[in-house]
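Participant: Below you'll find the structure I mean.
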Amino acid sequence: MALLEALITTVTGAASATVGVLVGGVVTRRGQDHQWSRDQQLVGYQELLGHYAKFTMVIKRAHADRRGWDYDWAEWSAVLTKVSLIAPAEVAGQVDTFGQSVDRFLDRVARDVDPVRAPLGEEEFREAGAEVAQAQMRLVKCDAAITGRGGRKALTFWIGGSHAGPENRGPL
């Protein structure tokens, strides 16, 4: 009888340890997958906003210098595709809104305007970018709320970008 009790105790202990290891492995894996996904999202959003800042400054400099400009739009398209694959649905909606605002901005400052013959002034350029600046702030705010990076204290001013005029400064 003592042998049976010892065997049952040993088997129960081994089974409990095995279940604990398996459950721990599943929980750890889920946590790692979630962290990897959030990291990929952050990289994608950084690339998206980085490309936006870059081509905006290229166009702005073209107007200021009264010269032509060029940009690799394949990179912009690729980063939009990347973000569409990794973004949660709510953030993807904000990315789409941001992209549409960027398209309207490009109509006003790049497609319908010749920076050599009829460049836009600083104020005209800023006015053309007001909508996209607001869309960018909504995107950043949505991403922070969804991915859990919203715990930081809201900034009281907008940093960087060519549209960071007084009318576009405000809490993110």
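Read-outs throughout are calculated quantities, based only on the coordinates presented, and are distinct from any laboratory measurement. Just so it is clear, the structure is predicted and the values come from calculations on it, not from any experiment. Virtual Cβ from ideal backbone geometry, glycine too; neighbours counted across all protein chains shown.
Participant: Stretch Val58-Leu7 to full length: gain in nm at 0.36 nm per residue minus the Cα-Cα span?
Facilitator: Working: separation 51, 0.36 × 51 = 18.36 nm, distance 7.56 nm.
10.8 nm is the gain from fully extending Val58 to Leu7.
Participant: Just to verify a number: FRET efficiency for Val43 and Tyr71, C-beta to C-beta distance, R0 = 25 Å, to 0.05? Write down the numbers at each step before the final one.
Facilitator: Numbers: r = 21 Å, r/R0 = 0.84.
The value I calculate is 0.75.
Participant: Continuing with the same structure: Among 5-15, 44-54, 74-84, what's the highest-first ranking by average C-beta atoms within 10 angstrom per residue?
Facilitator: Result, highest mean first: 44-54, 74-84, 5-15.
Participant: So how do Asp70, Asp39 line up by other beta-carbon neighbours within 10 Å, fewest first?
Facilitator: In increasing order of surrounding Cβ atoms, one gets Asp70, Asp39.
Participant: Next question, about the same structure. Please work out the FRET efficiency for the pair Ala89 and Glu124, using the Cβ-Cβ distance as r and a Förster radius of 25 Å; give the result to the nearest 0.05. Write down the numbers at each step before the final one.
Facilitator: Details: r = 36 Å, r/R0 = 1.44.
The calculated FRET efficiency here is 0.10.
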